[in-house]
There are 2 protein chains.
Amino acid sequence: MNSKFAVVGRRVPLIDARDKVTGATSYVTDLYLPGMLHGRILGSPHPHAKIMKIDTSAAEKLDGVKGVLTYRNVPAVAYDPCLTPPPFVGAGITQEFVKDRRILDSEVRFVGDPVAAVAAVEEHIAERALALIDVQYEELTAVFDPEQAMNSKLCVIHSHATDNVASDVSYEIGDTRKAFEQADHIFEHKYKTAGQQHCSMEPHACVCKYASSGRLTVWASSQSMFFLRERLSEAIGIPTDKIRVIQPHIGGGFGGKLDLMLEPVCALLAKKTGRPVKIVNTRSEEFTSTTRRAPASIELATAVSKEGLLLARTAKVLLNSGGYASHSPAVVGYMGWVFGSLYKTPNLKYEGYAVYTNSVPGGSMRGFGNPDIQFAVESQIDEISEELQIDPMDLRLRNIVESGYKNPLTGLPIESCGLRDCIERGAESIGWRRRHKLSTETSGATTRRGIGMACVTHNTSARCALPDFSSAFVRVNEDGTVNVLSGCIDLGQGSSTVIAQIVAEEIGVDVGKVIFAESDTSTCPMDTGTYASRVTYVGGNAARLGAHDAREQLLRRAGEMLKSDPSTLEASQGKIYIKRKPENAVSIQEVVRFSQYGKDPAAILGRGTFSPQGNAPSFGAQFAEVEVDVETGKLTILRIVAAHDVGRAINPMAIEGQVEGAVQQGCGYATTEQFIEDNGRILNDGFVDYKTFCAPDMPEVSTIIVESDEPTGPYGAKGVAEQVMAGIAPAIANAIYNALGVRIRELPLSPEKILKSMRRASH
Amino acid sequence: MNSKFAVVGRRVPLIDARDKVTGATSYVTDLYLPGMLHGRILGSPHPHAKIMKIDTSAAEKLDGVKGVLTYRNVPAVAYDPCLTPPPFVGAGITQEFVKDRRILDSEVRFVGDPVAAVAAVEEHIAERALALIDVQYEELTAVFDPEQAMNSKLCVIHSHATDNVASDVSYEIGDTRKAFEQADHIFEHKYKTAGQQHCSMEPHACVCKYASSGRLTVWASSQSMFFLRERLSEAIGIPTDKIRVIQPHIGGGFGGKLDLMLEPVCALLAKKTGRPVKIVNTRSEEFTSTTRRAPASIELATAVSKEGLLLARTAKVLLNSGGYASHSPAVVGYMGWVFGSLYKTPNLKYEGYAVYTNSVPGGSMRGFGNPDIQFAVESQIDEISEELQIDPMDLRLRNIVESGYKNPLTGLPIESCGLRDCIERGAESIGWRRRHKLSTETSGATTRRGIGMACVTHNTSARCALPDFSSAFVRVNEDGTVNVLSGCIDLGQGSSTVIAQIVAEEIGVDVGKVIFAESDTSTCPMDTGTYASRVTYVGGNAARLGAHDAREQLLRRAGEMLKSDPSTLEASQGKIYIKRKPENAVSIQEVVRFSQYGKDPAAILGRGTFSPQGNAPSFGAQFAEVEVDVETGKLTILRIVAAHDVGRAINPMAIEGQVEGAVQQGCGYATTEQFIEDNGRILNDGFVDYKTFCAPDMPEVSTIIVESDEPTGPYGAKGVAEQVMAGIAPAIANAIYNALGVRIRELPLSPEKILKSMRRASH
């Protein structure tokens, strides 16, 4: 904690925690409107097929059914479902969003692809009606592997992409071919990652209601209310000014709520029936019909000098985009940014392909490709160290970027970089020096221990590719409270608490005095959405500017009351006083009342808008200590040390919460989570068969916060939301190597793979 | 319509009309929350009594009853229920707000005064429980006449006022005694007015819900959400920052929803039961347990020169404040302002008394005492004309105030005054010249016709006595819509439509593009409330400033796009263009997108706050043509001509709506509405016995709009809400005199009084 601040740096419990743990928080699913119907969606049983005939008459006749939709009675518009701003044209890394999605289509492209929808007075009636819909399909050739898909002549998933490439992205910096020719050492490896579900506690849900004026209100669980409005407008063909989006509390997003999903069908059912309609996904549908972290295969080639300096690096990434593009084009683009942004490398080449297959669509998920590319990069760094007999930490320290380094992709210099500190303090905490002796010293009869590490970086904001800004209104009230209208959406990660701290610090009140308005497009000023680890940095800056504006008004009024120049005043703890004579004080309540009810009455209204000029990357180093049972392959993650440069810790406790959550999700990604598929059908579509990390599985987690004081951040802060995910899998893979001497290049790091690798190594 | 404006001056249908007439609008009564209880309140059967014993045990035992409140288990705080800002200290006319109200008290002061409250799972159970509450009263001497109350030794209604005077107000300008001594003519008359109920279509209603965090949300039907929050906080003793007030649509207020009413009991029942509670008044309770326009008795003395110039005027007003002060102190103060503000009179003296009685409390109602004082003043002007043989119109024209005249009470000059125009155009329309021959020419066998007139003035804003300001946020969206966050509350009078027109005019878009946020203390910036005919003037100015701020941002961005200086640009019809080359245009959508998604992204966020420096009075002249059946006394109002100086007609259709509504309420006030009481009990507590003007009763209404272009108003506008009420009763009384030659000085002008007066005159 930095003692120069009153609220910033304090361990403030999340402001919405109490209502959440007592069950008082209302989510979309808790909303019941008079006359409301329940919608259910029929998913395709085939991975790839044409609908030849669809007969809904039996379903329509079922008592209680009020409306049925198929591709024949919905708009046929192709739209892009991504809830993000339009990408920059000509940005450093070109990204495209692909308009390949339809509300309901006559062709289905994955098992679970929506085919029809029903609204009925009860959910079980809607469910029964789905079974009464008679669909005759002509099955088409399906393909599930991106490499096969790129070369398939028999299977074209979208007519606009005959090679099944939804999007490709590439860049070259320097001359990689020449550098490889001249290098002392060349390393070539291929890595594979697995699909991962977001597993938000709250599934996708929405309620739609039309007013008689034709205005549509949508209660949604999404990460960007403004772009939900925009995309929904495009999909259903009504202007955005006829759509109001209200965002109740959200039970987790993790990128999964960054696509237009249930909303178009729900809106059209509401329109057709003239009644409000609610649709809530089942857990199974969360697995089969939403999006996931797309599996990737990553080929790396790295040229290294004998001193261990990275001379040239190339990467080729195939991303399994599944049946629709969703965010995959952007993910594969962002992986290229991460690839080029952590280590100083004069020659870089990147090729990425988002490839259509007949799997569940790949979307946005915490890290946005970073965990995948970093699993490859940070595994390979250890492979290189091993080969060159350089300590992996040393090899990293020789190559990492640092403050002042100009990112070759954005051309922007890094303002703040605490990566070296992260590595050194993390190494100290995990006991890096034990590394060489660990496999012998701590071994049991059948167990071996190991330590591994990985470095990470992540954008704070989407500024390198997308327009990025946030705005806030800040009103100071006659009771000393502060109302904040911010377009930022707190998915549970605690951004509202952090923004409340920033506002409280700026105005000089307790954090409990800051009250947020419900997220609502008709009241909150514009923010682009909750993604890209941007909320504290971009939304926090906007709120700070809004609060600063209000503070200036308060100081001017207090100056009138205290007959002093505003520059001689200070605000803290709900009071404004003369700096040199602190006993000459007025309370903020008195100042607002003076302003509102005295001469020349006026409200205290602040306004802030912020757009980042750079992307203020955060950095981190992750360390893992693991124990492997050599007889069963059972892997126990004993400890994770997560050292992260967050610029400034506005709320250390919230950062620890973020880190612990990311460790939970990262350990699952690294070791247990995957989609088991049979001809496109997901076999493990529930928490019994899809294994996430639960409380008893969790390792000890040590969070080390490094503060590098980002000059462009609010009170020096940068983001921390996503990067923690990225270092866990490679740190564990490297720890397994340290324990067993075997290298596993495919996720998840399951007991089967560990045993298989050990057997292969012993041959 | 002024052709220099695109939207201002147009006949725009009210933006919420369609939803209202189709029944889609939600009011507080339409709100159902899970687990919600229904509250009912027990009113006193006695006009004045002490509660000796109160036994709620039988009620508490009734199945379904969840909580019962009496004076013994509610906070005993005395509070002021008026939802207005604290009055200026030392304002021209001193006003006090009296803290004489308690949530539930051990003494009751009128029939209907709340004694106990019950919350139950169904409304009929709560109703049954009320009957099971055993209350033993000791009856106290009751008094119903203010004059008696001031002299009563036996009945003291509040211990802080042993003479039963809740508040008195007086002023003298010049030397009235001397002026009377020197005058050619002196006139002395006494007038009496009757109580009137607001009769809002929507009765008082509220829903209260506590969050587990202790935060209270109140859905209220009130005219000032911010002061509802403030007064509720004082009454129930929780800080305002723990209270959020949401105002759904409101089905009429007319001043009746300007008191804290059901909310404290509702909040305490919600607190006690841990469940949301709804209370909705029955129509009967609207009559017996809310407030009303307080009956007044008014003694006037006027000294006139032989040329018909008013030399000196005195007034003494007794207002029947009923059991509690409510707004009566302010009403009796405001009557003093009106008394001194319409006619140039060098010597003025005013004495007003708000007097406690055991009747239903007098509160705020459309006109706020203006109809009462004007009934007296404008009746007397005709009596003087008759005596001096001067045409009543001429007498008025000789004495009326005019532009530039300095109001003796506020010291402020009148900026705009179209009163002369109103009189002349109204007289032309009604056919004033027919007046002398009318009673003979148009007489039937038993009917006589007559024409009468009256002048009026009314504050626009409460600036003379209260702090007055409004503020607004205006956001322009990427779809060309404009969101307005205003603290103003539209009670149905159409203020949102007018503000939408102002914003649309300023930004250069269609009025349909302007979207209002729901009134909510946690999102809307501060406004003091809907009263004092202030919303168009004060709220409209704030919104205009906010829109102007947004417009400047738009022009700056458009200037970047069009490579032109912003000062060379114009905005209209959703486009911004170069004035000299209108074909060089960009749409507002393009400008917002450029601003949000181009270089240096920013939202377009406007902010406005306005505080009037004067009270910008409106003026008007009302004319009535009536027909009286001399055998039955039956009065038919044939036609009302209402000529009003509104500064600028932002929406002529909305003004006509206001005028027609006021004529309906004014005709009822003038001729049919009154409280029939028996020992404090109201005998006509419903629409069967309490006669309001209905559609078949309505006269032809001709509205004449005079535009004087108020320099401080938004596009020159002033208010029109209340003054129309004030001229109707005297115009009708004067028309009756014109028809029959009889003068009735007491309202309502019923057939009985007409017959009685005719009989008296013929003797």
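The values are calculated or read from the model by the stated rules, or taken from the named source; none is laboratory data. All values reported here derive from a predicted model rather than from experimental measurement. Don't worry about glycine lacking a Cβ; one is built from the backbone with ideal geometry, like all the others, and counts go over all protein chains shown.
Structure summary
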{"quantity": "Tally of residues being in a loop (DSSP other than H, G, I, E, B), at pLDDT 95 or above and in contact with an Asp or Glu (Cβ under 6 Å, 6 or more places away or on another chain) across the range B:292-322", "calculated": "1"}
{"quantity": "Filtered residues of the range A:34-67 (kept if touching a strand residue (DSSP E or B) at 6+ places or on another chain (Cβ under 7 Å) and basic (Lys, Arg))", "calculated": "A:Arg40, A:Lys50, A:Lys53, A:Lys66"}
{"quantity": "Residue in the range A:619-630 that is under 24 Å from A:Glu505 (Cα atoms) and either modelled with pLDDT under 95 or not in a loop (DSSP other than H, G, I, E, B) (or both) present", "calculated": "no"}
{"quantity": "The range A:595-654, residues that are of a type in the set (Ser, Thr, Tyr) and within 14 Å of chain B (Cβ to nearest Cβ)", "calculated": "A:Ser595, A:Tyr597, A:Thr609, A:Ser611"}
{"quantity": "Of residues in the range B:1-40 being over 26 Å from the mean Cα position of the chain (by Cα) and β-branched (Val, Ile, Thr), the one nearest to the other protein chains (Cβ to nearest Cβ)", "calculated": "B:Thr22"}
{"quantity": "Options B:Gly686, B:Gly727, B:Gly680, B:Gly713: the member that is in contact (Cβ under 8 Å) with a residue 40 or more places away in the chain and out of contact with any helix residue (DSSP H, G or I) (no Cβ under 9 Å at 6 or more places or on another chain)", "calculated": "B:Gly680"}
{"quantity": "Condition check for A:Gln553: buried (at least 24 other Cβ atoms within 10 Å of the Cβ) and in a helix (DSSP H, G or I)", "calculated": "no"}
{"quantity": "Enumeration of residues in the range A:217-248 that are assigned to a loop (DSSP other than H, G, I, E, B), within 12 Å of another protein chain (Cβ to nearest Cβ) and either on the phi > 0 side of the Ramachandran plot or out of contact with any strand residue (DSSP E or B) (no Cβ under 9 Å at 6 or more places or on another chain) (or both)", "calculated": "A:Pro239"}
{"quantity": "Residues located in the range B:642-656, provided they are touching a Lys or Arg at 6+ places or on another chain (Cβ under 9 Å) and assigned to a strand (DSSP E or B)", "calculated": "B:Ala643, B:Asp645"}
{"quantity": "Condition check for A:Ala670: of a type in the set (A, V, I, L, M), more than 30 Å from A:Val143 (Cβ to Cβ) and outside the structural domain of A:Ala49 (by TED's automatic domain parsing)", "calculated": "no"}
{"quantity": "Pick from the range A:478-508, criterion in a loop (DSSP other than H, G, I, E, B) and in contact with a Gly (Cβ under 6 Å, 6 or more places away or on another chain), ranking: farthest from the other protein chains (Cβ to nearest Cβ)", "calculated": "A:Leu491"}
{"quantity": "Matching entry among B:Ala183, B:Ala267, B:Ala220 (being among the aliphatic types (A, V, I, L, M), buried (at least 17 other Cβ atoms within 10 Å of the Cβ) and within 30 Å of B:Ser341 (Cα to Cα))", "calculated": "B:Ala183"}
{"quantity": "Test: residue in the range A:191-208 that is of a type outside the set (Phe, Trp, Tyr) and part of a helix (DSSP H, G or I)", "calculated": "no"}
{"quantity": "Residue in the range B:416-423 that is closer than 24 Å to B:Ala729 by Cβ, at pLDDT 95 or above, more than 14 Å from every other protein chain (Cβ to nearest Cβ) and surrounded by fewer than 21 Cβ atoms within 10 Å (Cβ to Cβ) present", "calculated": "yes"}
{"quantity": "Residue identified as surrounded by fewer than 19 Cβ atoms within 10 Å (Cβ to Cβ), more than 30 Å from B:Glu188 (Cα to Cα), modelled with pLDDT of 95 or more and of a type outside the set (Gly, Ala, Ser) among B:Leu755, B:Leu683", "calculated": "B:Leu683"}
{"quantity": "Answer residue from the range A:556-594, given it is over 45 Å from the mean Cα position of the chain (by Cα) and in a loop (DSSP other than H, G, I, E, B) and is farthest from the other protein chains (Cβ to nearest Cβ) among those", "calculated": "A:Arg580"}
{"quantity": "Scope the range B:521-543; condition polar (S, T, N, Q) and either touching a Cys at 6+ places or on another chain (Cβ under 6 Å) or within 9 Å of chain A (Cβ to nearest Cβ) (or both); matching residues", "calculated": "B:Thr521, B:Ser522, B:Thr523, B:Thr528"}
{"quantity": "Number of the exception - B:Ser461 against (1) touching a Cys at 6+ places or on another chain (Cβ under 6 Å); (2) within 14 Å of chain A (Cβ to nearest Cβ); (3) of a type in the set (S, T, N, Q)", "calculated": "(1)"}
{"quantity": "Residue match in the range B:140-154 (condition: part of a strand (DSSP E or B) and surrounded by fewer than 18 Cβ atoms within 10 Å (Cβ to Cβ))", "calculated": "no"}
{"quantity": "All positions within the range A:249-285 that are of a type in the set (A, V, I, L, M) and in a helix (DSSP H, G or I)", "calculated": "A:Val265, A:Ala267, A:Leu268, A:Leu269, A:Ala270"}
{"quantity": "Among the residues listed as A:Gly574, A:Gly539, A:Gly480, the single one being farther than 26 Å from B:Glu230 by Cα and not assigned by TED's automatic domain parsing to the domain that holds A:Pro371", "calculated": "A:Gly539"}
{"quantity": "Output for the range A:155-182, where each listed residue is assigned to a helix (DSSP H, G or I) and among the β-branched types (Val, Ile, Thr)", "calculated": "A:Thr176"}
{"quantity": "Test: residue in the range B:706-722 that is modelled with pLDDT of 95 or more, of a type outside the set (Ser, Thr, Tyr) and either closer than 24 Å to B:Lys437 by Cβ or part of a strand (DSSP E or B) (or both)", "calculated": "yes"}
{"quantity": "Members of the range A:405-428 found to be touching a Gly at 6+ places or on another chain (Cβ under 7 Å), in a loop (DSSP other than H, G, I, E, B) and farther than 16 Å from A:Ser461 by Cβ, listed by number", "calculated": "A:Pro408"}
{"quantity": "Where A:Ile507 falls short, out of the listed (1) at pLDDT below 95; (2) farther than 21 Å from A:Asn459 by Cβ", "calculated": "(1)"}
{"quantity": "Selection status of B:Asp468, more than 8 Å from chain A (Cβ to nearest Cβ), charged (D, E, K, R), surrounded by 24 or more Cβ atoms within 10 Å (Cβ to Cβ) and assigned to a loop (DSSP other than H, G, I, E, B)", "calculated": "no"}
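Yes/no per residue for (1) hydroxyl-bearing (Ser, Thr, Tyr); (2) assigned by TED's automatic domain parsing to the domain that holds A:Asn477; (3) free of Cβ contacts under 8 Å to residues at least 60 places away in the same chain; (4) crowded, with 21+ Cβ neighbours inside 10 Å:
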{"position": "A:Val592", "(1), (2), (3), (4)": "no, yes, no, yes"}
{"position": "A:Gln596", "(1), (2), (3), (4)": "no, yes, no, yes"}
{"position": "A:Lys599", "(1), (2), (3), (4)": "no, yes, yes, no"}
{"position": "A:Ala603", "(1), (2), (3), (4)": "no, yes, no, yes"}
{"position": "A:Gly620", "(1), (2), (3), (4)": "no, no, no, yes"}
{"position": "A:Phe623", "(1), (2), (3), (4)": "no, no, no, yes"}
{"position": "A:Val626", "(1), (2), (3), (4)": "no, no, no, yes"}
{"position": "A:Glu631", "(1), (2), (3), (4)": "no, no, no, no"}
{"position": "A:Lys634", "(1), (2), (3), (4)": "no, no, no, no"}
